[in-house]
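Participant: Mind looking over this structure? Questions follow.
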Amino acid sequence: MTTTAALQQLGEIDVETFLRDYWQRKPCLFRAAFKDFVEVISPDELAGMACDEEVESRLLITEPETGQFELRHGPFEESLFGELPASHWSLLVQGVDQWIPEAADLVEQFRFIPTWRLDDLMISYSTPDGGVGPHYDNYDVFIIQAQGRRRWEIGGHYTEQQAEFLPDQPVRILKHWHPEQSWELEPGDMIYIPPRVGHNGVSLSDDCVNYSVGYRAPHAHELLRHLAGYCEQHCADEMRYSDSSLELRRNPGEITDGDLQRVRQLLMPILDDPQQLRRWWGEMATEPKDPQLDHNAEPLTADQVPAALAQPGQVRRCEGIRFAFSCENDRCHLFVDGEHHPLATAELELVQLLCNQNRYDREQLADWYQHPGPAELLELLFARGQLYLD
């Protein structure tokens, strides 16, 4: 079976060194990280994707004289691209890996980072002097130079309290920008930018294409919102605030330390319960980026699965579907697109296979299909289009 191998080297740096010295610590340039890089989509096809209403896309145009940005959101009319100026604009298309199998295979090469941490693959096309201005992101990103040339300026580490942004701009542009280093990237080069490190990329050619592999960094308020929804579904109705030890108070309007302690005692058992925490986080971590997205994978009915697995060829995980697993004692928990599938530890090998690859031999899955638990799981995944025949 041909599978997409995870990168072992990032240019001249091996992955273990990168994780120890650079990940979430400092930026890094990788020369020739991808030798003979093969693009998964042409610039014309990227523009075509930006015309699709199901695809998230943006167009950022800079006024050369004033530095004022204009931000437009897709979908765009095809005729627009013939009306744009010759320079100072960038087209950015999100989630390309959710639509194109070759893009999903490219992302698979970054499996040295847990796959449930992945957000998506964004591809941008820029004309000369096109870019999004000096800024910082709250997440990690690898940026591959796929075509043309781009100059990257790298600044310091920013916090929300320190950062000032230019007023009256549609995007957050750092007001005070002092680059500390500058790199020019050729096709096959790659850079890594940790969270909150300032950076500014400017196209140096009329065919500049960048692939950005971005990672999820949910804010605490997102986690709490999701946890609230989980509790609404799974926590017992009697889990309510109570104060049976209440005593007469001189100030009835006061919130006492004892009141706050009772609130803490109500909430903390949810996070202190390993089973609840495991299930909530697995569902949270694998939630689809866009729940409304229709990948058009052809589903199989239960009676079609045996014949399909008996044929030569491969099965693919549907692009954009998140798989993850977690184990405890005698149970194995598979999470697919925000849903929980409890299994026995005897099925761990199958679960690892499903989560650690995005392509599988049909013969390999057919062997597992001989067992009742795995058969039921595979039928469900095929029925939902989360697995499909390649």
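Participant: Within the range 71-118, restricting attention to residues that are part of a loop (DSSP other than H, G, I, E, B) and charged (D, E, K, R), which residue is farthest from residue 59 (Cα to Cα)? If you could, list the steps in order and put the result at the bottom.
Facilitator: Quick first cut of the range 71-118, residues part of a loop (DSSP other than H, G, I, E, B) only: 74-77, 83-88, 94-95, 99-100, 109-114.
With charged (D, E, K, R) added as a condition, the list becomes 77, 83, 111.
Numbers: 77: 12, 83: 13, 111: 30 Å.
Filtering first and then ranking leaves 111.
Participant: Which members of the range 363-372 meet the condition of being surrounded by fewer than 19 Cβ atoms within 10 Å (Cβ to Cβ) and either within 30 Å of the chain's Cα centre (by Cα) or under 25 Å from residue 114 (Cα atoms) (or both)?
Facilitator: The one that is surrounded by fewer than 19 Cβ atoms within 10 Å (Cβ to Cβ) and either within 30 Å of the chain's Cα centre (by Cα) or under 25 Å from residue 114 (Cα atoms) (or both): 364.
Participant: Looking for something among the charged types (D, E, K, R) and open to solvent by 10 Å² or more (accessible area, probe 1.4 Å) - is there at least one such residue anywhere in the range 140-147?
Facilitator: Filtering the range 140-147 down to residues among the charged types (D, E, K, R) leaves 140.
Cutting the leftovers down to open to solvent by 10 Å² or more (accessible area, probe 1.4 Å) gives us none.
Checked the range 140-147: no residue is among the charged types (D, E, K, R) and open to solvent by 10 Å² or more (accessible area, probe 1.4 Å).
Participant: Among the numbered conditions (1) out of contact with any helix residue (DSSP H, G or I) (no Cβ under 7 Å at 6 or more places or on another chain); (2) modelled with pLDDT of 95 or more; (3) aliphatic (A, V, I, L, M); (4) closer than 30 Å to residue 227 by Cβ, tell me where residue 324 comes up short.
Facilitator: It is condition (1) that residue 324 fails.
Participant: Restricting the range 118-131 to residues that are touching a helix residue (DSSP H, G or I) at 6+ places or on another chain (Cβ under 8 Å) and open to solvent by 10 Å² or more (accessible area, probe 1.4 Å), which is modelled with the lowest pLDDT?
Facilitator: Start the filter on the range 118-131 by keeping residues that are touching a helix residue (DSSP H, G or I) at 6+ places or on another chain (Cβ under 8 Å), which leaves 118, 120-123, 125.
Narrowing the set further to residues that are open to solvent by 10 Å² or more (accessible area, probe 1.4 Å) leaves 118, 122, 125.
Numbers: 118: 94, 122: 98, 125: 98.
Here the answer is 118.
Matching residues to (1) open to solvent by 50 Å² or more (accessible area, probe 1.4 Å); (2) closer than 16 Å to residue 132 by Cα; (3) hydrophobic (A, V, I, L, M, F, W, C):
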{"site": "6", "(1), (2), (3)": "no, no, yes"}
{"site": "29", "(1), (2), (3)": "no, no, yes"}
{"site": "43", "(1), (2), (3)": "no, no, no"}
{"site": "64", "(1), (2), (3)": "yes, yes, no"}
{"site": "71", "(1), (2), (3)": "yes, yes, yes"}
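Participant: Now a separate question. Scan the range 240-271 residue by residue and report those that are out of contact with any Lys or Arg (no Cβ under 7 Å at 6 or more places or on another chain), in a loop (DSSP other than H, G, I, E, B) and not polar (S, T, N, Q).
Facilitator: Taking the range 240-271 as the starting set, the residues that turn out to be out of contact with any Lys or Arg (no Cβ under 7 Å at 6 or more places or on another chain) are 240, 242, 244-271.
If we keep only those that are in a loop (DSSP other than H, G, I, E, B) as well, we get 240, 242, 244-256.
Of everything in the range 240-271, those that are out of contact with any Lys or Arg (no Cβ under 7 Å at 6 or more places or on another chain), in a loop (DSSP other than H, G, I, E, B) and not polar (S, T, N, Q) turn out to be 240, 246, 247, 248, 249, 250, 252, 253, 254, 255.
Participant: Considering the range 22-58 alone, what residues qualify as being more than 22 Å from residue 186 (Cα to Cα), of a type in the set (A, V, I, L, M, F, W, C) and either touching a residue at least 40 places away in the same chain (Cβ under 8 Å) or not in a loop (DSSP other than H, G, I, E, B) (or both)?
Facilitator: 23, 47, 49, 50, 55
Participant: Could you list all residues from the range 132-143 that are within 23 Å of residue 67 (Cα to Cα) and either in a strand (DSSP E or B) or touching a helix residue (DSSP H, G or I) at 6+ places or on another chain (Cβ under 7 Å) (or both)? Let's see the steps before the verdict.
Facilitator: Narrowing the range 132-143 to residues within 23 Å of residue 67 (Cα to Cα): 132-137.
Selection gives 135 alone.
Participant: Still on this structure, please answer the following. Could you tell me which numbered condition residue 292 fails, if it satisfies all but one of (1) open to solvent by less than 60 Å² (accessible area, probe 1.4 Å); (2) in a loop (DSSP other than H, G, I, E, B)?
Facilitator: (1)
Participant: For the range 311-390, please list each of the strands (runs of 3 or more DSSP E) lying entirely inside it that holds at least 2 residues being within 27 Å of residue 274 (Cα to Cα) and touching a Cys at 6+ places or on another chain (Cβ under 6 Å). Talk me through it step by step, then tell me what you get.
Facilitator: Working: elements: 314-317, 323-328, 331-336, 339-344, 359-361, 387-389.
Hits in the range 311-390: 323-328.
Participant: Filter the range 255-270 down to the residues that are of a type in the set (D, E, K, R) and open to solvent by 60 Å² or more (accessible area, probe 1.4 Å), then identify the one that is nearest to residue 245 (Cα to Cα). First the steps, then the outcome.
Facilitator: Our first condition is that a residue be of a type in the set (D, E, K, R); within the range 255-270, this holds for 257, 259, 262, 264.
Still in the running and open to solvent by 60 Å² or more (accessible area, probe 1.4 Å): 257, 264.
Numbers: 257: 14, 264: 16 Å.
Checking each candidate, the answer is 257.
Participant: Could you tell me which residue of the range 169-225 is most open to solvent (accessible area, probe 1.4 Å), considering only residues that are of a type in the set (Lys, Arg) and within 24 Å of residue 121 (Cβ to Cβ)? Outline the logic, then answer.
Facilitator: Going residue by residue through the range 169-225, those that are of a type in the set (Lys, Arg) are 172, 175, 196, 216, 225.
Now drop any that are not within 24 Å of residue 121 (Cβ to Cβ), which leaves 172, 196, 216.
Working: 172: 106, 196: 89, 216: 56 Å².
Once the filter is applied, the top-ranked residue is 172.
The values are calculated or read from the model by the stated rules, or taken from the named source; none is laboratory data. Bear in mind the structure is a predicted one, so any value in this text is a computation, not a measurement. Note that each Cβ is placed from the backbone with ideal geometry, even for glycine, and that neighbours are counted across all protein chains shown. Surface accessibility is based on the protein's heavy atoms, side chains included, excluding ligands, DNA and RNA. Shrake-Rupley method; radii C 1.70, N 1.55, O 1.52, S 1.80 Å.
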